[in-house]
Each structure stands twice: as C-alpha cells, then as structure tokens.
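Some notes on the structure that comes next.
What follows is calculated from the coordinates using simple rules that are stated; it is not laboratory data. On a predicted model such as this, the values are computed, not experimentally measured, just so you know. Every residue, glycine as well, gets a Cβ built from its backbone with ideal geometry; the counts of neighbours run over all protein chains shown.
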Amino acid sequence: MSRVRIGVDLGGTKIEALAIDPDGRELARRRIASPSHDYAQMLDAVVGLVTGIEHELGVRDARVGIGTPGAVSAATGLIKNANSTQLNGRPFAADAARALDRDLRIENDANCFALSEAIDGAGAGHQLVFGVILGTGVGGGLVFDRQLRIGPNAIAGEWGHNEMPARAEAALPDTRCYCGRRRCIETYISGPALAADHARATGRDDGLDAGRIAALARTGNADARATLDRWAHRVASALSMVVNVVDPDVIVLGGGLSNLEGVDADLTQRLAEHVFSDRCVTPIVRNRHGDSSGVRGAAWLWASR
C-alpha cells in the first residue's frame, strides 16, 4: 500500500483533491468546478481527480479519503443530510469504492475540517477540538486525541441543526430550515442567514451578501454594524451550548465568515456571557489551513481510527 494519502473535498461549487505524505507535506493538488446537480458526473469527477494525481505521482494504490456534505447513514449506507441534495439517498461510499477499486474513508466535510485543524492546524496540541464551519451552511466536528468522534447516528458535532437558543434575545425571528425544522442555528448565523437578517432589519432587500455587509460595517454604516453585532451575539450564544455540553479545549473557526476581521477575539469575549461557569477560558481561534482544511482532513482520515 502506498504511503501517499489523497483527500477529496466535495464542495458545492468545486471539487478539490490533494495528495500528502505521512508528515502532511503537500505532493500534488487539483481542483475543478462541481458538476451541477448530476450524481454520475460528480462520481466521475472524483475518479478522474484521484487517478490523475496518482498518474502524476507515479503511484496506483494511494489511500483515499473523501469529505462530503452530509454523512453516510449507518442504517442504510446511503448519504443523508447533504445540502448538495443530489447525494442524498445515494450509495456514494459504495459507488466510489467500486469505481476506484479500493477501500475508502468517507466523512462529513465539517468533520474533515476539524480533523485537519486538530492534527496540524490551529487546534494542534489540544486534546479536545471543536471545529466550526460558518459559511453557506453551519456545521462542526469533534476530535479527541486526534481521533474523530462520529457517534452511532453519524451526527457528532452537528450543532447547526440544534434549535437556536432564544433566551438571550427577545423577539427572535422565526425561521424555516431546508432540513424541514424550525429555528435551526444555521438559519440565523450562516452567510445567507446574515444577509437575510440584514434585509429583515433594514426593510431593504438590496441583495447585499455577508462580505458586502462587513465592508459597509468597516466604513461605519450603523445598520451593517448592528447586523454584525446581532450575528456575533447569536454565534456566541449558540456556541455556549457546545461548551456547556463537551467543554472543548479550543474552538477553531472555518468557513467564509471566519475571515471577518476580529471575529475570533470578539466571539471569545462574548462566549463568557452565555457559558455556565464563573469564568470561561475557552479560546476561539481562526483556522490555519484556510479553505484547504477540508481536503487536508479528508486525506488525514487514514490517520484517524
């Protein structure tokens, strides 16, 4: 068996593959646009990326890990809970293993992010790491002693689909989630949720996304600053539930909203308002590997039981 590890990250807009050696050194990388809503083309794209990298490196039996939206159901072996809905109800793990003619390791993309940051990222050296995705969706993963915690339902770390705690905010608006439930955390603190909250509060649907709202806030725009303040308050309140339950040694932020200026220090300070303790010393930090963390974590799946 080759010592080369290849990670594949199935994103909504891109599919990326990365090869690393056992020390985490990058050997090769490829990226393509995701086939739009076509399951067979997505499967073919994964095979093409893996075999292309193997040909480039002169190997034929790399260990392959894949990070996917959603998770593989332990009951059926089919993908569930994926916001890339063409995967839901499909035997992607079995189909990919058959197409590549080898055993694979497949995990939720947020789990891959958490594993990457725990092994050689911003969470390295900490025993219990909670990795958070704040982007188009909201997810998370738990890593203990460099090992992923998956759980019997394959949902460990999925805090984004808990109900948003309302006790810290009067008149919290009602929301509906794609998962079919009401008031999911994701519907308040994802990138699209931040934009929707700004439009709701201002009464203007100007088509501003999270990045443009943040840019307006930096110029001193009062409405934009109020939106970001509500967002940060909600994120800290939601994260406090994770801290109260598992008390991680560090929380690592990922996703596009983790790039907001000063967000790590702001959330670290706000967290103490909500945690059930006389003090809160949990650090909230930015990731080390940026948007490569998911694909690195997929490759690191072979280092995790």
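Listed values, structure above:
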quantity: Principal semi-axes in Å for segment 124-287 [√(5λ), Cα gyration tensor, largest first]; calculated: 26, 18, 15
quantity: Charged-residue dipole, Cβ positions (Lys, Arg, Asp, Glu), segment 124-287 about Cα centre, Debye nearest 20; calculated: 200 debye
quantity: Euclidean distance between Cα centres, segment 162-197 to segment 228-248, Å; calculated: 13 Å
quantity: Listed peptides 235-244, 147-156, 128-137 by packing density, highest first (mean Cβ within 10 Å); calculated: 128-137, 235-244, 147-156
quantity: Among LEU172, LEU104, LEU87: highest mean-square fluctuation, GNM of the chain, C-alpha pairs under 10 Å; calculated: LEU172
quantity: DSSP H segments from the chain that extend 18 Å or more along their own axis, Cα-based, with Kyte-Doolittle mean of 0.5 or above; calculated: 39-57
quantity: Cα→Cβ-extended label distance, 7 Å offset, between ARG288 and GLU169, nm; calculated: 3.3 nm
quantity: Debye, to nearest 20: dipole size of the chain, +1 on Lys, Arg Cβ, -1 on Asp, Glu Cβ; calculated: 240 debye
quantity: Given charges at Cβ of Lys, Arg, Asp, Glu: the chain dipole, positive-most of HIS289, ILE213, ASN111; calculated: ASN111
quantity: Cα gyration tensor shape for the chain, rounded if a/c is under 1.5, else prolate or oblate; calculated: prolate
quantity: Estimated 222 nm signal from helices in the chain, with DSSP H stretches of n ≥ 4 weighted -39500 (n - 2.57), rounded to 500; calculated: -11000 deg cm²/dmol
quantity: Gained length - GLU26 relative to ALA124, 0.36 nm times residue gap less alpha-carbon distance; calculated: 33.5 nm
